[in-house]
């Protein structure tokens with residue numbers, strides 16, 4: 001693993017992992033500030049819209065001016081989001097913070113391309129799994145700490161403390177990226193070259209137009225992200241309001257998911273490198289509906305814990321498989337734009353699905369958003385099975 005890959009592994013694990021103090025309880029915090037489920041979906045829409053609007057432009061800049069500037073500045077901007085949340089007294093005050101938080105994902109094409117450039121071709125999925133394993137350490141411990149903190153001091157007071165800790169940690173991670181990352185790629189162009197808007201737009205979408213495998217992957221990821229967007233926002237609401245879990249118990253569930261990640265992500269990465277990308281993505285998409293449906297039938301903490309831990313194992317498999325697949329099908333000069341498309345198209349699904357989930361919950365029933373998620377994942381699996389070809 002090269003220098004940049006190591007620096008990104010550490011700073012991303014710390015700077016983004018600290019967010020697991022607040023993200024498992026974010027929906028409860030918003031609802032406690034007087035918002036409805038529809039408003040919760042609206043905030044998710046703003047977050048997603050900001051992300052998807054800039055994914056392809058950032059991907060284009062990544063392939064044109066290099067990776068480091070975007071990685072450093074994007075992380076710095078995002079680090080101010082928790083401070084906005086800390087000062088909010090009404091749900092409307094959260095909107096500027098939501099926009100700032102979007103920069104965490106806006107610069108994903110630059111981070112992913114820089115990491116991809118620094119790993120060996122034959123160990124790509126394993127390398128991505130390694131950084132995800134470090135990330136899982138935080139996803140295991142932070143929700144447990146956050147859950148017990150909120151139980152002890154209350155939701156609002158506890159979340160404000162969490163926001164301060166998260167903001168400071170993200171600032172320090174941004175400083176680490178600025179000091180230790182090295183630019184290892186920049187697309188050279190003539191100083192007099194001033195491409196037209198039409199040419200820029202055409203170049204942004206060039207990988208999508210020319211790579212058929214990418215087209216299939218994008219459509220499958222879009223369907224799968226419809227499922228993920230609903231699950232991310234409403235599982236934490238369904239667990240206490242329908243199943244009857246406490247905040248601390250949900251924190252333990254999130255911690256159990258993190259523990260599963262620590263134990264399984266490196267072996268999963270090695271298996272993906274050995275058996276291929278297509279079968280890995282297909283396995284993830286096809287098996288998740290079983291656990292999504294089982295979640296709606298759970299009646300207590302133990303059942304939810306086991307179901308969510310098993311679900312997290314299969315939910316994860318598709319992530320390093322897709323990240324490695326992008327490197328397999330896209331040249332180094334295309335990776336920023338390809339990752340931009342991979343983040344933008346599923347991002348559209350992540351943006352609209354929370355509002356769709358709120359509509360189904362309020363108009364049909366609390367379990368129906370999860371039934372919809374299961375169906376979307378099944379359709380994604382069918383698409384991958386029929387149309388995706390394993391890269392040579």
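Let me know the shape class of segment 93-170, please: from the alpha-carbon gyration tensor, a ≥ b ≥ c as square roots of the eigenvalues, rounded when a/c is under 1.5, otherwise prolate if a/b is greater than b/c, or oblate. Working shown, then result.
On the way: a/c = 4.11, a/b = 1.72, b/c = 2.39.
The shape class here is oblate.
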For segment 38-64 and segment 312-369, what is the centre-to-centre distance using only Cα atoms, to the nearest Å?
13 Å
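For every helix of n ≥ 4 consecutive DSSP H residues, a contribution of -39,500 (n - 2.57) applies; sum these over the chain, divide by its total residues, and give [θ] at 222 nm rounded to the nearest 500 deg cm²/dmol.
Rounded to the nearest 500, it is -27500 deg cm²/dmol.
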Difference of contour (0.36 nm per residue) and Cα-Cα distance, residue 184 to residue 362
59.0 nm
Candidates 115, 103, 29; GNM for the chain (alpha-carbon contacts under 10 Å) flags as most fluctuating 29
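Give, to the nearest whole percent, the P(r) tail of segment 1-138 beyond 19 angstrom, counting all Cα pairs. Write down the numbers at each step before the final one.
Numbers: 5257 of 9453 pairs.
Tail fraction, whole percent: 56.
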Report, in degrees rounded to the nearest 10, the 0 to 90 angle that the Cα long axis of helix 247-275 makes with the longest principal axis of the chain.
30 degrees
Could you check the spin-label model distance between residue 6 and residue 87? Points 7 Å from the Cα along Cα→Cβ, value in nm.
3.9 nm
Apply the a/c threshold of 1.5 to the C-alpha gyration tensor of segment 134-258 and tell me whether it is rounded, prolate or oblate.
oblate
With the Cα gyration tensor of segment 258-316 giving a ≥ b ≥ c as the square roots of its eigenvalues, does the rule (a/c under 1.5 for rounded; else a/b larger than b/c for prolate; else oblate) give rounded, prolate or oblate?
oblate
Rounded to the nearest Å, the spacing of the alpha-carbon centers of segment 73-125 and segment 240-254 is 27 Å
By how many degrees, 0 to 90 and rounded to 10, does the Cα axis of helix 108-117 deviate from the longest principal axis of the chain?
60 degrees
Provide, in order from the shortest bin, the percent of all Cα-Cα pairs of the chain in each 10 Å bin, continuing until the bin that contains the maximum pair distance.
5, 23, 36, 26, 9, 1, 0
Quick check: residue separation of residue 95 and residue 120 times 0.36 nm, minus the Cα distance between them. What number comes out in nm?
4.9 nm
Helix 124-153 versus the longest principal axis of the chain: what angle, 0 to 90°, nearest 10, using Cα atoms?
30 degrees
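Bear in mind these aren't lab numbers, they're just calculated from the coordinates by the rules spelled out. Everything quoted here is computed from the prediction, not taken from an experiment. When we count neighbours, we look across all protein chains shown, and the Cβ atoms used for this are built from the backbone with ideal geometry, even at glycine.
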